[in-house]
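In what follows, a single structure is set out as structure tokens and then discussed.
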Amino acid sequence: MVSIEWLKKTELFKTLEESQLHTLLSYAYVESFSEGHTIFNQGNKADSLYVLIEGGVDLTVKAQEKNDFMTSKVEKEGAVFGTASLMEPYQYNVTATSLKPSKVLILPANLLIRAMGKDPKMGMEIMKKLATIYFNRLNHLRSGISDLLKKFKLKMP
């Protein structure tokens, strides 16, 4: 079972107080997924937030007007995904598929959002951390695109 100590090490919840972590754990449950299992689909209602316990998850974005795909991987213990469940329009913007047998902590979004409303300090901490996570992921994506463009330019005559 997931403990308070483990939750303190996760990227989204590490700044929360112990009482707040207890609240979150009271809503959470753990689920295991086999390799290749689709956890959720892009475009579906985002009703849960996920924290990776073990394994790996591929996050795939399919462009609406084309068949182009972009993927990223979640493989670090304590990494969060399904964060669209905390932001309007509450619709997943990626498809999450387990890369290998994986175990995740699942937090129902409606309960998490309600807890954040009852405890605005907790809500602010979670949203601040979520913004930081998004900013870091965006910078990582930009770096990857920049590296790709540099390689492409080097190969052009």
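Efficiency by 1/(1 + (r/R0)^6): what FRET value for TYR29 and PHE135, r their Cβ-Cβ distance, R0 = 25 Å, to the nearest 0.05?
Working from the Cβ atoms, E equals 0.30.
Can you tell me the 0 to 90 degree angle between the C-alpha axis of helix 109-118 and the longest principal axis of the chain, rounded to 10?
60
Measuring from label point to label point, each 7 Å out along Cα→Cβ, what is the LYS73 to PHE152 span in nm?
Calculated label separation equals 2.3 nm.
Using only Cα atoms, find the angle between the long axis of helix 18-27 and the longest principal axis of the chain, and express it within 0 to 90 degrees, rounded to the nearest 10.
Around 80 degrees separate the two axes.
Under 20 °C and 1.002 mPa s, how fast does the chain diffuse according to Stokes-Einstein, given a Kirkwood radius computed over C-alpha pairs? Answer in µm²/s, whole number.
Values: Rh = 16.6 Å.
Translational diffusion coefficient: 129 µm²/s.
Mind checking which of GLU11, GLU31, GLU54 has the largest fluctuation in a GNM of the chain, springs on alpha carbons under 10 Å?
Highest fluctuation among the options: GLU31.
Need the list of lysines near LYS9 for cross-linking: C-alpha distance under 22 angstrom, and skip anything on the same chain fewer than eight residues off.
LYS73, LYS76, LYS103, LYS121, LYS128, LYS129
Taking the alpha-carbon distance from LYS8 and a cut-off under 14 Å, which aspartates and glutamates remain once sequence neighbours fewer than 8 residues away in the same chain are dropped?
Correct list for LYS8: GLU17, GLU18, GLU77, GLU125.
First measure r as the distance between the Cβ atoms of ASN93 and LYS128, then evaluate 1/(1 + (r/R0)^6) with R0 = 22 Å and state the FRET efficiency to the nearest 0.05.
The formula returns an efficiency of 0.60 here.
Do the sum for the chain: with -39,500 (n - 2.57) for every DSSP H run of n ≥ 4, divided by all residues, what is the mean residue ellipticity at 222 nm, to the nearest 500 deg cm²/dmol? Spell out each step's value before the answer.
On the way: 4 runs with 60 residues, N = 157.
That calculation yields -12500 deg cm²/dmol at 222 nm.
Over region 4-155, what is the relative contact order in whole percent, taking alpha-carbon pairs under 8 Å and six or more residues apart?
Working: 267 pairs, mean separation 45.9, N = 152.
Relative contact order comes out at 30 percent.
Roughly what would the spin-label model give for LYS8 and HIS37, points 7 Å off Cα along C-beta, in nm?
With each label placed 7 Å out from Cα toward Cβ, I get 3.0 nm.
For helix 120-155, report the angle its Cα long axis makes with the longest principal axis of the Cα atoms of the chain; keep it between 0 and 90° and round to the nearest 10°.
10
Values quoted throughout were computed directly from the atomic coordinates according to the rules given, and no laboratory measurement underlies them. Owing to the predicted nature of the structure, the values given are computational and were not obtained by experimental measurement. Positions of Cβ are generated from backbone atoms using ideal geometry, with glycine treated the same way; all protein chains shown enter the neighbour counts.
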